[in-house]
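Participant: To start, I am sharing the structure in question, which I have written as structure tokens.
The values are calculated or read from the model by the stated rules, or taken from the named source; none is laboratory data. Just so you know, these numbers come straight off a predicted model, no measurement behind them. Here the Cβ is made from the backbone with ideal geometry for all residues, glycine too, and neighbour counts use every protein chain on show.
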């Protein structure tokens, strides 16, 4: 019997490409966020409100990830932001290679902030580093206040939580403080914002914070 | 998570670590698997068996060292474990904690059977 010592991470290929992406972002002085959530939490709507708020003052580029269609990229294109759509054809998360390939089609001249909107999925994206500076997780009030406890991996790995659709609180069974506290039990250092893309409540606070950090 | 693609990555690592003419001697691939690695051991085992069947690695199987989700509190120095992901110290309620382990997903070693075994 003989033993070969290996000590290699299984996802090392992705990690290596993520490092390359990170180096490119650093070289171009790009602040990059990985926007994650369940399907339908409002990631694209938050992106639209963010682009509206910055209104070319801060130049933003977007990488969209979806299983099918380019609907989200078309929505973003209306705001004159450079955008590219990744269609995974069944893949349930973006990985570093998909992002590296997409970067080739993106005009990053003058861009300060790159937002990668991941495939709607609260499980798999938490394990795949794309090279981002931080993950921003969106949880909407319609999803219930126990979400962070049910998907701890994603909330552990995020730096920011945006609680979206706060305008619907009177109509849903969700206690805002419970949701916030559950998230903080999993990750006490989470920065929390509360937004509504319909009323624009909380959007300025989120965007100001983002601009300060970009 | 994606046990099938994870199994494929493990196969690739084994092929890169073992000389081609010795692949048929591989019996055990040992892995560290953290509570929050995102991977289910039984599913991974099943997928690995499925994709290694009818290859030189057909006699190999996976063994797992389960790594707990362990957190250390800077305030009271206590280390605690759980499988729900809480990082607030159960002893003193402190939030200045650091995760020590629990996200591992790595191939640690490969065991081969020699002719004289």
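Participant: If we keep just the residues of segment A:176-200 that are in a loop (DSSP other than H, G, I, E, B) and within 30 Å of residue B:102 (Cα to Cα), which is farthest from the chain's Cα centre (by Cα)? Walk me through it before giving the result.
Facilitator: Just the residues of segment A:176-200 that are in a loop (DSSP other than H, G, I, E, B), to begin with: A:187-190, A:195-200.
Remaining after also requiring within 30 Å of residue B:102 (Cα to Cα): A:187-190.
Details: A:187: 17, A:188: 19, A:189: 17, A:190: 14 Å.
So, considering only residues that are in a loop (DSSP other than H, G, I, E, B) and within 30 Å of residue B:102 (Cα to Cα), the one farthest from the chain's Cα centre (by Cα) is A:188.
Participant: For a quick check of your reading of the model, give me the residue pairs whose first member lies in segment B:75-100 and is farther than 12 Å from residue A:185 by Cα and at the interface with another protein chain (Cβ under 8 Å from one of its Cβ atoms), whose second is assigned to a strand (DSSP E or B) and at pLDDT 90 or above, with beta-carbon atoms closer than 7 Å and at least 6 apart or on different chains.
Facilitator: Within 7 Å, the pairs are B:99/B:71.
Participant: Answer with yes or no whether residue A:185 is more than 28 Å from residue A:54 (Cα to Cα) and within 12 Å of another protein chain (Cβ to nearest Cβ).
Facilitator: Details: more than 28 Å from residue A:54 (Cα to Cα): yes; within 12 Å of another protein chain (Cβ to nearest Cβ): yes.
Answer is yes for this residue.
Participant: Restricting the search to segment A:52-69, which residues are under 25 Å from residue A:154 (Cα atoms) and surrounded by 14 or more Cβ atoms within 10 Å (Cβ to Cβ)?
Facilitator: A:60, A:61, A:62, A:63, A:64, A:65, A:66, A:67
Participant: Next question, about the same structure. Going through segment A:154-168 one residue at a time, which ones are more than 26 Å from residue B:102 (Cβ to Cβ) and either under 12 Å from the mean Cα position of the chain (by Cα) or not in a strand (DSSP E or B) (or both)?
Facilitator: Within segment A:154-168, A:165, A:166, A:167, A:168 qualify.
Participant: What is the residue count in segment A:201-212 for residues that are part of a loop (DSSP other than H, G, I, E, B) and either surrounded by 14 or more Cβ atoms within 10 Å (Cβ to Cβ) or under 18 Å from the mean Cα position of the chain (by Cα) (or both)?
Facilitator: Taking segment A:201-212 as the starting set, the residues that turn out to be part of a loop (DSSP other than H, G, I, E, B) are A:201-202.
Remaining after also requiring either surrounded by 14 or more Cβ atoms within 10 Å (Cβ to Cβ) or under 18 Å from the mean Cα position of the chain (by Cα) (or both): A:202.
Looking only at that region, the number is 1.
Participant: Report, by residue number, each residue of segment B:9-49 that is part of a helix (DSSP H, G or I), within 18 Å of the chain's Cα centre (by Cα) and more than 10 Å from chain A (Cβ to nearest Cβ).
Facilitator: B:11, B:15, B:41, B:42, B:43, B:45, B:46, B:47, B:48, B:49
Participant: Right, here's the next one. Could you list all residues from segment B:50-74 that are touching a residue at least 40 places away in the same chain (Cβ under 8 Å) and part of a strand (DSSP E or B)?
Facilitator: The answer is B:62, B:65.
Participant: Separate question: Just to confirm my filter: which strands (runs of 3 or more DSSP E) fall fully inside segment A:38-136 and include at least 1 residues that are over 25 Å from residue A:27 (Cβ atoms)? Show your work before the answer.
Facilitator: On the way: elements: A:60-66, A:83-87, A:113-117.
Where strands (runs of 3 or more DSSP E) fall fully within segment A:38-136 and carry at least 1 residues being over 25 Å from residue A:27 (Cβ atoms), they are A:60-66, A:83-87.
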